[in-house]
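One structure is given below, encoded as structure tokens.
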Amino acid sequence: MATIRVPEEVPSPAQDSETLNQAFRGWGTDEKAIIRVLGKRNESQRRKIRESYKEKYGKDLIDDLSSELSGDFMKAVILWTYDPAERDARLANKVLKEKKKGINKLKVLVEISCTTSPTYLIAVRKAYCSLFDSSLEEHIASSVPFPLPKLLVTLASSFRYDKDKVDAEVATIESAMLREAITKKQLDHDHVLYILGTRSVYQLRQTFVAYKQSYGNTIDKDVEGCPGDADLRSLLQMVILCIDSPEKHFAKVVSESIEGFGTDEDSLTRAIVTRAEIDLMKVRGEYFNMYNSSMDNAIIGDVSGDYKDFLITLLGSKI
């Protein structure tokens, strides 16, 4: 369930474009007007605003937002204004261009591959090719350290069945194949890649249930206890959680981004912006279940200013 609140009466894209242009004029920028317009428009409406802005003023709205805003507020607004597939393509490219690609960074690739629809994943791959003159899979293979590319390329290139039909017998058979790979400490075995990279999320969830019924532990628990490459183990656990419960994964991302000293604004922004039109209401519920506290209050207590107001607007709260 989405959290953004689109007004019952929405101005035309031309009117919204004019409001945004007015916000950029003069000595200062009217950040509240930007939040009021972009923070309360859905994907289709934002796309039309961007098209109208280009037509009326001869400039890309993204460019003007970049020049008028700053800091984490700017990053969040721009990510939100992009079409979702372009947004995710850019998020993936940013990670792949970094010299140090720790597991915390690579989770972006897992999220794109495992928490979106097959059709959407194709759109991201097309956007990636168009923007960066390289396929997403090729860039992963050439820039991510061994042994992680094998799993990440498989996930990024998958096209899963998108319906909720499951086969209990197949789930039992494939849970045994996964168990064998874990027992033999072969987390990147072809069987693991084949199962995780081809089966629908519904079939995989049934397989995870069959695994626990047959072997006592959850599959992620057995992966955690498997010797071998720590990064591959962590990555595989992340894949399992994103497939089994994307809401829990993103609740965890939000929590980890704000706990302790300092805030990981990039992770917090990504979680809120990418899920606000999908399942952020469920993420909010899982956050409460997992941490016995309000996600909204946790964010309000950790960030400030226009950045805070924008995130809270995407969460559906009034500022």
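The values are calculated or read from the model by the stated rules, or taken from the named source; none is laboratory data. Here the structure is a predicted model, which is why all the values come from computation and not from measurement. Note that we place each Cβ from the backbone using ideal geometry, even for glycine, and neighbour counts take in every protein chain shown. Note: areas computed on protein heavy atoms with side chains; ligands, DNA, RNA excluded. Shrake-Rupley method; radii C 1.70, N 1.55, O 1.52, S 1.80 Å.
Normalised per residue, the accessible area of the chain is 48 Å², obtained with a 1.4 Å probe and no contribution from ligands, DNA or RNA. Starting from the Cα gyration tensor of the stretch 39-94, take the square roots of the eigenvalues, sort them a ≥ b ≥ c, and report rounded, prolate or oblate (rounded when a/c is under 1.5, otherwise prolate if a/b is larger than b/c, else oblate). In terms of gyration-tensor shape, oblate. By the compact-protein rule of thumb, 2.2 N^0.38 Å, the alpha-carbon radius of gyration of the stretch 246-314 corresponds to a ratio of 0.97.
When cysteine pairs in the chain are screened for C-beta atoms closer than 4.7 angstrom, the residues that find no partner are C129, C226. Using the Cα gyration tensor of the stretch 126-261, with a ≥ b ≥ c the square roots of its eigenvalues, what is the shape: rounded (a/c below 1.5), prolate (a/b larger than b/c) or oblate (neither)? Cα axes put the stretch 126-261 in the rounded bin.
Simple rule: put +1 on each Lys or Arg Cβ and -1 on each Asp or Glu Cβ in the stretch 168-244, find the dipole, and look at V192, V170, Q237; the Cα lying farthest toward the positive end is V170.
Note on the stretch 14-151: Cα-Cα pairs beyond 24 Å make up 39% of the total pair count.
Each residue of the stretch 56-62 was assigned a 3J(HN,Hα) from its phi angle through the Karplus curve 6.51 cos²θ - 1.76 cosθ + 1.60 (θ = phi - 60°); the sequence is 6, 10, x, 9, 7, 4, 4 Hz, with glycine and proline shown as x. Working note: Cα atoms of the stretch 203-319, range along each principal axis, descending, whole Å: 50, 27, 23.
For the stretch 84-156, what does the equivalent ellipsoid look like in terms of its semi-axes, each the square root of 5 times an eigenvalue of the Cα gyration tensor, given largest first in whole Å?
Values: eigenvalues 60, 34, 25 Å².
They are 17, 13, 11 Å, listed from largest to smallest.
Applying a DSSP loop filter and a limit of 13 other Cβ atoms within 10 Å to the GluC sites (Glu not before Pro) in the stretch 254-307 leaves E259.
For the pair S142 and V10 in one chain, pulling the backbone fully straight at 0.36 nm per residue adds 43.0 nm over the alpha carbon distance.
Share of carbon and sulfur in the accessible area of the stretch 168-244 stands at 48%, probe radius 1.4 Å.
Nonpolar atom fraction for the stretch 84-156, defined as the carbon and sulfur part of the 1.4 Å probe accessible area, stands at 57 percent.
Across all directions, the average projected area of the convex hull around the alpha carbons of the stretch 168-244 is 4.2 nm². Treating the Cα atoms of the chain as identical point scatterers in vacuum, please give the log10 of the normalised Debye intensity I(q)/I(0) at q = 0.11, 0.16 Å⁻¹, two decimals. For the requested q values the scattering log ratios are -0.74, -1.38. Among the trypsin sites (Lys or Arg not before Pro) in the stretch 88-161, those placed in a DSSP loop whose Cβ has at most 16 other Cβ atoms within 10 Å are K99, K100. If you average the C-alpha positions of the stretch 34-63 and of the stretch 286-319 separately, how far apart do those two centres end up, in angstrom? When both Cα centres are located, 25 Å separates them.
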